[in-house]
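Accompanying notes for the structure given below.
The values are calculated or read from the model by the stated rules, or taken from the named source; none is laboratory data. None of the values given here were measured: they were computed from a predicted structure. Every residue, glycine among them, receives a Cβ derived from its backbone with ideal geometry; neighbour counts consider all protein chains shown.
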Amino acid sequence: MELDSAFWIILTGSLASASCALLGTFLVLRKMSLLGDALSHAVLPGIAIAFLLSDSRAIIPMFVGAALCGLLTTLLIEAFHRKWNVQEDASIGIVFTALFALGVVLVTAYAGQVDLDQECVLYGEIAYTPWDTLIWNGVDVGPRPVWILGVVFILNILFVCTLYKELKIASFDSAMAMAVGVNATLIHYLLMGMVSLTTVAAFESVGAILVVAMFIVPGASAYLWSDRLVTILCLAVLFGVLSAWVGYWIAGIWDSSIAGAIVTVAGAIFLLSLLFSPNQGVIARLWQRAALSVQVAQDHMLLALVRRFEVDETHRSSREELLQAASVSHLVSRLALRSLEKSRLVVHDSQGWALAAGGKQEALRLLRNHRLWETYLSGLGLPENRVHGPADAVEHFIGRQLAAELGAEVDQSMDPQGKRIPLSDD
Amino acid sequence: MSDPVHPTEAVPPIQIHDMTIAYHKKPVLWDVDLDVPEGVLVGIIGPNGAGKSTMIKAVMDLIPKASGWVKIYDRPYDQMRSAIGYVPQRESVDWDFPVNALDVVLMGRYGHVGWLRRPSSEDRRIAAESLEKVGMAEFAQRQISQLSGGQQQRVFLARALAQDARIYMMDEPFAGVDAATERAIIDILIELRSQGKTILVVHHDLQTVTAYFDWVIMLNMRVVAAGPTNEVFTDENLQKTYGGRLTVLSQAAQAMADHRRGN
């Protein structure tokens, strides 16, 4: 029984998370993340009215009520925003709070007459999943939420797969969608309809916090890892399911709320994505910046050596001199010097440091870039004493093609201070 | 072959009849009434707020008309949708959207693909060819935010080419692009015209109007003049289009808007 209930809870959490993550990715991409939150609250009056009319907690009327109410919400938001000039975020806020409040009024006013209370509608509890069993033809076929969410998940998959290209173009460029005959408005309402449906199904099984979070967090995390829509959708679903598994496990250890733990894990996945994603991640950017400053320090050392070499071919520089020349922090310059030595661009003996053959070639290339840039700037009318600083900053980034273009632009023999510009080696 | 600038009796690709457009009840474009002949390269010019983009959007049914109608080859737009290729303004989309250049161009084929189906290998071939035509073949797999403004504009143009249309509507394709891209775009427009296509281009640079376009529509909340460039692109018409505000029209529009709001 113990293992059994764990299985059902994890399955329920996974199905709910995956369903929300799949649709939520589109909401995130359309910059409508909070619409999931809004719809999840605004469907309450629809559920309440369905309860009152059908006088039961049957699934079908509840879904119909919620879906209609979700559609009404979307229509009202659109109407407020487009027809009556209310700001879009304000219209979302107005519509969902007002409808939610109406729902609360209906639920509390008629709670005595039908088997309905705020708790069960608003705060579904995933931990009760294993005991909410579905009896079919007298046989226990497993928990009801698993069946409901399973169906919803399959519907969502079908929805995204069959309308993938329509969803893509309508989300990216709705005017173009209309121009090629894809009804972007219809797609918008279909998406909102699916979001409403998913919301209701997930809300009553797993609770508000899980639903609202899963519409936003997995999609936003996945977006950091890829720039392909298909990959992002798959990753979002994967992150949702992963959150459910790890979250359940953590909730077990801490004896805490399962839904809370699942969402916390989703948040942690987002944080890790933010730190470690290869292109946009904080770590990747820090690493690139560190690599660049080591590179710049190396360039400065090579330039210091080659300038000495120009005057005296047998000159040896001291280690301290080179570290100074890098004009960056001590740690970075030591790293840079070590890497120069390792790649055999510089050599040292008892008298000090000098350029190796490869280092000399690279240093002359840098010196050429530096002086070409100085000459170019002075050609633009900058005074001689103002061209060194900019050239110092730009020299590291001048590739072969730009160097060739610069060479064609300026007189290649002398820089503004009358120093010789080294010849190009190609 | 007949003179495309002065057509005789062929069905015009675009007929606009008495079309008025209003935003929030305030008219922004009044009583447009004109026929665009086949096989011409048309520049739509006029000051900011003159209704240039509004006009092409209204022709394509992207915004509702307050009155009047548009016919494409003598048929309603709905039946002729696939005859029109569209290049929207570059700022109208989110360039951080996770698609690459080829994906965007492939969107131009969606109208031919139809609902619920996937683009075929033929569609992919056409998309790749279109990218090639605008000189962007090597960037096919590049995420669109990593393209320069000029390259993004070329991708949009390639997408319109992939639509394989008879009429093209382009909303400021030259805005914010470098000289090389402008040249490349105009070369393609000229090639399209030589294939008998009709092209309408919202344009800002008055210097290049006579060089680029054989027809102009001069707008300022109404059609000031429309016709062959050498006939209507005159100092007098320019003065009417750009000189001063059309106070009567904008005052009337404002009055209508105020009235509807019940002031």
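Per-structure values
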item	result
Check on B:Ala165, more than 9 Å from chain A (Cβ to nearest Cβ), in contact (Cβ under 8 Å) with a residue 40 or more places away in the chain and closer than 23 Å to B:Arg183 by Cα	yes
Residue identified as more than 16 Å from the chain's Cα centre (by Cα) and at positive phi among B:Leu102, B:Leu106, B:Leu116	B:Leu116
Residue match in region A:29-50 (condition: in the same structural domain as A:Gly193 (by TED's automatic domain parsing), closer than 15 Å to A:Met214 by Cα and in contact with a Pro (Cβ under 8 Å, 6 or more places away or on another chain))	yes
Helices (runs of 4 or more DSSP H) lying entirely in region A:4-81 (those with 3 or more residues that are over 31 Å from the mean Cα position of the chain (by Cα))	A:44-54, A:59-78
Residue match in region B:67-81 (condition: within 22 Å of B:Thr229 (Cβ to Cβ) and at pLDDT below 90)	no
Region A:128-138 - residue that is surrounded by 16 or more Cβ atoms within 10 Å (Cβ to Cβ) and either hydrophobic (A, V, I, L, M, F, W, C) or in a helix (DSSP H, G or I) (or both) and, of those, nearest to the chain's Cα centre (by Cα)	A:Thr129
Number of positions in region A:366-391 that are surrounded by fewer than 21 Cβ atoms within 10 Å (Cβ to Cβ) and either in contact with a strand residue (DSSP E or B) (Cβ under 8 Å, 6 or more places away or on another chain) or at pLDDT 85 or above (or both)	1
The one condition in (1) surrounded by fewer than 17 Cβ atoms within 10 Å (Cβ to Cβ); (2) at pLDDT 95 or above that B:Asp164 fails to fulfil	(2)
Matching helices (runs of 4 or more DSSP H) fully within region A:139-229 where at least 3 residues are of a type in the set (Val, Ile, Thr), touching a residue at least 60 places away in the same chain (Cβ under 8 Å) and in contact with a helix residue (DSSP H, G or I) (Cβ under 7 Å, 6 or more places away or on another chain)	A:144-162, A:184-206, A:208-225
From A:Ile232, A:Ile262, A:Ile253, A:Ile269, residue being surrounded by fewer than 14 Cβ atoms within 10 Å (Cβ to Cβ), part of a helix (DSSP H, G or I) and either assigned by TED's automatic domain parsing to the domain that holds A:His348 or of a type in the set (A, V, I, L, M) (or both)	A:Ile253
Residues within region B:100-136 that are among the charged types (D, E, K, R), in a helix (DSSP H, G or I) and within 11 Å of chain A (Cβ to nearest Cβ), tallied	2
Count of region A:287-310 residues which are among the basic types (Lys, Arg) and more than 34 Å from the chain's Cα centre (by Cα)	2
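Matching residues to (1) modelled with pLDDT of 95 or more; (2) within 14 Å of chain B (Cβ to nearest Cβ):
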{"residue": "A:Ile209", "(1), (2)": "no, no"}
{"residue": "A:Pro218", "(1), (2)": "yes, no"}
{"residue": "A:Tyr223", "(1), (2)": "no, yes"}
{"residue": "A:Asp227", "(1), (2)": "no, yes"}
{"residue": "A:Phe239", "(1), (2)": "yes, no"}
{"residue": "A:Tyr248", "(1), (2)": "no, no"}
